[in-house]
Amino acid sequence: MAPRPGKLVVISGPSGVGKTSILRRLLTDLPQLVPSVSATTRPPRAGEKEGVDYHFLSAAEFEKRRAAGEFLECCQVYGRQHWYGTLVAEVKPRLAAGAWVVLEIDVEGTLSILGRYPEAVTIFVEPTHPDQLEERLTGRGTESPEAMARRLEVARRELLEAHRYQHRVVNENLEAAVDSIKRILADAGLPTHPTPAHSGAHA
Ligand code: 5GP
């Protein structure tokens, strides 16, 4: 018997809101969730690993794969000069095998995904206050003041898009945010055990 098809879970939120920590915890606590590793033309940051954080591609390689129809969605993310995209190979075979696949993408990408997968569960992570973003981004200490100011401006614009999502989760603290998302996923029918697709296909 063919497995029940899986579902897409889309998580978005402004830079500095703590999405990465939330996602890491969700993936540890819920082995039923499979992350989709996006492709990007931006260079890796310190500590980022090829095939884990992103598939890091040259602009030429990205364009070649885009022209070949290998992306489910891709765009030049607002405020960044680089391309980002979700690979078909990260998503389709796993959905077909019954997995719940998590995408961490921007608003434009979310809207494209909803066009193809209207049943996707969309979650927007918000800070308790916009100032929280500034504190977190400054705390990272990885960027110049100009780059920081640009990121903050982008983050503020991203916050205005929250209403496009089915669910909004305020990241007051990690535990509470992770619990809220777990409840949303349980209500959406997340299976209690991993499917065989968990160890499934790769890009
Ligand atoms: P960063 O460069 O900080 O890792 O990510 C920058 C932005 O790109 C984030 O808002 C993130 O959600 C978005 N992003 C990452 N991967 C994808 C993708 O595959 N598609 C789209 N549309 N956005 C992505």
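The values are calculated or read from the model by the stated rules, or taken from the named source; none is laboratory data. None of these values were measured; they are calculated from a predicted model. Don't worry about glycine lacking a Cβ; one is built from the backbone with ideal geometry, like all the others, and counts go over all protein chains shown.
I need the full set of residues from region 94-135 which are within 16 Å of the ligand (Cβ to nearest atom) and small (Gly, Ala, Ser), in order please.
109, 112, 115, 120
Answer yes if at least one residue in region 105-119 is among the basic types (Lys, Arg) and either touching a residue at least 60 places away in the same chain (Cβ under 8 Å) or touching a Gly at 6+ places or on another chain (Cβ under 6 Å) (or both), and no otherwise.
Looking for residues that are among the basic types (Lys, Arg) and either touching a residue at least 60 places away in the same chain (Cβ under 8 Å) or touching a Gly at 6+ places or on another chain (Cβ under 6 Å) (or both), one finds none in region 105-119, hence no.
Would you point out which residue out of 28, 20 is within 13 Å of the ligand (Cβ to nearest atom), β-branched (Val, Ile, Thr) and in a helix (DSSP H, G or I)?
Details: 28 fails: within 13 Å of the ligand (Cβ to nearest atom).
The match here is 20.
Can you find even one residue in region 126-140 that is more than 17 Å from residue 17 (Cβ to Cβ) and of a type outside the set (Ser, Thr, Tyr)?
no
Scan region 112-131 and tell me whether some residue there is at pLDDT below 85 and more than 29 Å from residue 58 (Cα to Cα).
yes
Given the conditions (1) part of a helix (DSSP H, G or I); (2) under 13 Å from the mean Cα position of the chain (by Cα); (3) within 9 Å of the ligand (Cβ to nearest atom), report the number of the one that residue 91 does not fulfil.
Status for residue 91: all satisfied but (3).
Give me the pairs: first residue in region 25-49 and basic (Lys, Arg), second residue near the ligand (Cβ under 8 Å from one of its atoms), beta-carbon distance under 6 Å, and six or more apart or on different chains, which are they?
If the second residue must be near the ligand (Cβ under 8 Å from one of its atoms), the pairs left are 42/82.
With 13, 6 as the choices, which residue is surrounded by 20 or more Cβ atoms within 10 Å (Cβ to Cβ), near the ligand (Cβ under 9 Å from one of its atoms) and at pLDDT below 95?
13
If a residue has to be loosely packed, with under 13 Cβ neighbours inside 10 Å, modelled with pLDDT under 90 and within 11 Å of residue 17 (Cα to Cα) to count, how many in region 141-180 make the cut?
The qualifying residues number 0.
Looking at region 38-69, which of the residues that are buried (at least 18 other Cβ atoms within 10 Å of the Cβ) and part of a loop (DSSP other than H, G, I, E, B) is nearest to the ligand (Cβ to nearest atom)?
Among those residues, the one meeting the criterion is 38.
Does residue 79 qualify as being touching an Asp or Glu at 6+ places or on another chain (Cβ under 8 Å), over 16 Å from residue 36 (Cα atoms) and surrounded by fewer than 16 Cβ atoms within 10 Å (Cβ to Cβ)?
Answer is yes for this residue.
Being part of a helix (DSSP H, G or I) and acidic (Asp, Glu) is the filter; apply it to region 145-163 and report the residue that is farthest from residue 123 (Cα to Cα).
Across region 145-163, the extreme among qualifying residues is 146.
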